[in-house]
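Visitor: Have a look at this one.
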């Protein structure tokens, strides 16, 4: 993936090395970083890839679902940090991908008569605070709709490579673009509607709604890739396969079979490997936001 010559986003907070607590230092991928927690990383990858909401893992379901106003106000007060641009290569890579999502989605929204508000991105190591509660490396990357920021411990990409064999810079870009896809969903008002509906239905039906949200984010990541390549010529040989490998590696069915030997479809929250690949390719090939309407399809 070509990225070195493009601008970096100004909407990145680099909190690494600020002593967020919990899991140690802020070394970057290549080694195991400050994680050193073995099986918890698998849990974290599965939590991210299968849609276990970080707020649920830390007892903050009411926050993301819009309840608990007093607690919500408290948890939206994230730790005070001075915004600093990342200086290392991987941090600059993340800032560049974020910048390209800003450019692409600003233009797409403009064409539709909308105004796109850029999300923030918080790079951290170990743990930090988010508007949705505590953020820990073991959760994997996630988007918090309350403060409209993507939270990312960059060592996640090393774990993707070593544990799931989903390597490559464009696989990492896909992950970032997927999380930004949730911000797009939030901008168009989808997330709040889905969350409201989830409160009214059974767990299995709520999971199905989550699958549609996540597959839409995969599709939106593909839309970004289509427009970013048309505008910036970022794609190189093998990049698309890297993204497809990542999408396949983190399907609910594959992860559940790896972790427990069998899959439970009613518990799926992100979609199967086949579905994730299909929807990413749909966005990539069409470049159209309208083609990502997973809620308009009876079968996904």
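Visitor: Return yes or no: is residue 116 closer than 25 Å to residue 1 by Cβ, within 15 Å of the chain's Cα centre (by Cα) and not in a helix (DSSP H, G or I)?
Guide: No: the conditions fail for residue 116.
Visitor: Taking the condition of being buried (at least 22 other Cβ atoms within 10 Å of the Cβ) and more than 16 Å from residue 152 (Cβ to Cβ), how many residues in segment 90-132 meet it?
Guide: 2
Visitor: Here is a follow-up. Pairs, please: C-beta under 9 Å, at least 6 apart or cross-chain, first residue on the phi > 0 side of the Ramachandran plot and in segment 129-142, second part of a loop (DSSP other than H, G, I, E, B) and modelled with pLDDT of 95 or more?
Guide: As it stands, the answer is 140/153, since those pairs meet every condition given.
Visitor: Is at least one residue of segment 172-193 closer than 26 Å to residue 158 by Cα and not in a helix (DSSP H, G or I)?
Guide: No; the residues of segment 172-193 include none that is closer than 26 Å to residue 158 by Cα and not in a helix (DSSP H, G or I).
Visitor: Would you be able to say whether some residue in segment 198-215 is assigned to a helix (DSSP H, G or I), under 19 Å from the mean Cα position of the chain (by Cα), within 24 Å of residue 149 (Cα to Cα) and without any contact (Cβ under 8 Å) to a residue 60 or more places away in the chain?
Guide: yes
Visitor: Which one is nearest to residue 290 (Cα to Cα), of the residues in segment 124-166 that are assigned to a strand (DSSP E or B) and in contact with a helix residue (DSSP H, G or I) (Cβ under 6 Å, 6 or more places away or on another chain)?
Guide: Among them, the one singled out is 143.
Visitor: Spot the failing condition for residue 229; the list is (1) free of Cβ contacts under 8 Å to residues at least 24 places away in the same chain; (2) within 22 Å of residue 117 (Cβ to Cβ), and only one is missed.
Guide: (2)
Visitor: I'd like to check something: does segment 110-124 contain any residue that is farther than 27 Å from residue 233 by Cα and modelled with pLDDT of 95 or more?
Guide: Yes, that holds for at least one residue.
Visitor: For segment 232-255, which positions are assigned to a loop (DSSP other than H, G, I, E, B) and more than 15 Å from residue 215 (Cβ to Cβ)?
Guide: 233, 234, 235, 236, 237, 238
Visitor: Of the conditions (1) surrounded by fewer than 19 Cβ atoms within 10 Å (Cβ to Cβ); (2) at pLDDT 95 or above, residue 296 clears all except one; give me its number.
Guide: Answer for residue 296: the failing condition is (2).
The values are calculated or read from the model by the stated rules, or taken from the named source; none is laboratory data. Computed from a predicted structure; not experimentally measured. Cβ: placed from backbone, ideal geometry, glycine included. Neighbour counts: every protein chain shown.
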